[in-house]
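Scroll down for the structure; my scribbles are underneath it.
The values are calculated or read from the model by the stated rules, or taken from the named source; none is laboratory data. Since the structure is predicted, the reported quantities are computational estimates derived from the model, not experimental observations. Note that each Cβ is placed from the backbone with ideal geometry, even for glycine, and that neighbours are counted across all protein chains shown. Only protein heavy atoms, including side chains, enter the accessible area calculation; ligands, DNA and RNA are left aside. Shrake-Rupley method; radii C 1.70, N 1.55, O 1.52, S 1.80 Å.
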Amino acid sequence: MAEIHSLAYAGFGVSDLDKWQWLATDIIGMQVAHRDEQGLTLRMDEYAQRFFLEKNPIDDILVAGWQFRSEQELESYVRELREKEVPVEVLSREMLQRRKVEKAYSVEDPNGFTHEFFFGHSEAGLNDAFRSKVLKGSFVTGDLGIGHLLPFAKNGPQTVSFYQDVLKLRVSDYIREEVQPGIVVDATFFHTATGRHHSIATAQAPSPKVLNHFMVQVQNMDDVGLAYDRCIKAGIPIILELGHHPNDRTFSFYAQTPSGFNFEMGWGGVVIDDRHWEVKAFNKMSDWGHKRNIVL
Ligand SMILES: [Fe+2]
């Protein structure tokens, strides 16, 4: 049974490319791969690109890019999608060049963005090693992918079923927290075959934006603290102060991007081995910290 390997890229539509370039390179520590009037592509490691940003007033997620280990696995996965009568598009040659992948298909998410399934991810080249202006260590990527995405669901049960039954992502766990009397946040976390605790999570919430946040992970704990200090110094709104999640056991903070949605920068984090993993429900988002700041 063919299955997604990892979350290998993400694309956002953003209105202010200059501010994003500064945030991505000088605060988060990514590297610009390509920049023109229409967009910006970013590196986190040896691959040619990991995030792409298109000039677009939507200021929200456009694409989640999921990698397969082989063309055969990709084809078998797409065949199963079509058997389930899911509309699947083929990416054109021009789109493949833009994404720097060999072969790809796309499917619409129920919440208004696109999932792309691909194989064959271009690397930047032997003489073009990744360089960060600010990180002491590196990003944790490789088989675990770029990090994770948290899109809000318009309809929670329908979106959970789409991720579980259609995309065949594996459920990691649940967090159900009463954030205010009578208001319960019910979040479901999903992992891929390579086991990053979650590559995507979702919760139903009334929100003008689909994307709540994207997360990147660093190898060196100091890089979380140093990025936090850079945000404070630059006046970037901190949405959740430093804290720790009980389910993925990540130490992190959340700050706001120029598009209004947030990024999470984290360290630590569980890699799931499904042979020993037990799916649990937690009753709080954080076991310490993550104090919420009100941003006016
Ligand atoms: Fe997160």
**Study point:** Failed criterion for A234 (all others in (1) aliphatic (A, V, I, L, M); (2) out of contact with any Leu (no Cβ under 6 Å at 6 or more places or on another chain); (3) open to solvent by less than 20 Å² (accessible area, probe 1.4 Å) hold)
**Key:** (3)
Check your understanding: Is there a residue in the range 270-290 that is assigned to a strand (DSSP E or B) and closer than 18 Å to L7 by Cα?
Key -> yes
**Study point:** Of residues in the range 216-226 being away from the ligand (no atom under 16 Å from the Cβ) and under 20 Å from the mean Cα position of the chain (by Cα), the one least open to solvent (accessible area, probe 1.4 Å)
**Key:** D223
Check your understanding: Within the range 145-160, can one find any residue that is modelled with pLDDT of 95 or more, more than 21 Å from H5 (Cβ to Cβ), open to solvent by 80 Å² or more (accessible area, probe 1.4 Å) and not assigned by TED's automatic domain parsing to the domain that holds E264?
Key -> no
**Study point:** Sole exception among (1) touching a helix residue (DSSP H, G or I) at 6+ places or on another chain (Cβ under 7 Å); (2) open to solvent by 30 Å² or more (accessible area, probe 1.4 Å); (3) within 24 Å of V210 (Cα to Cα) for T257, by number
**Key:** (2)
Exercise for review: Quick one: in the range 2-24, of everything that is out of contact with any Phe, Trp or Tyr (no Cβ under 9 Å at 6 or more places or on another chain) and not charged (D, E, K, R), which residue is most open to solvent (accessible area, probe 1.4 Å)?
Suggested key: W22
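Here's the yes/no breakdown for (1) within 14 Å of the ligand (Cβ to nearest atom); (2) in contact (Cβ under 8 Å) with a residue 12 or more places away in the chain; (3) part of a loop (DSSP other than H, G, I, E, B); (4) crowded, with 20+ Cβ neighbours inside 10 Å:
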| residue | (1), (2), (3), (4) |
| --- | --- |
| A201 | yes, yes, no, yes |
| F214 | yes, yes, no, yes |
| Y228 | no, yes, no, no |
| G243 | yes, yes, no, no |
| N247 | yes, yes, yes, yes |
| S252 | yes, yes, no, yes |
| G266 | yes, yes, no, yes |
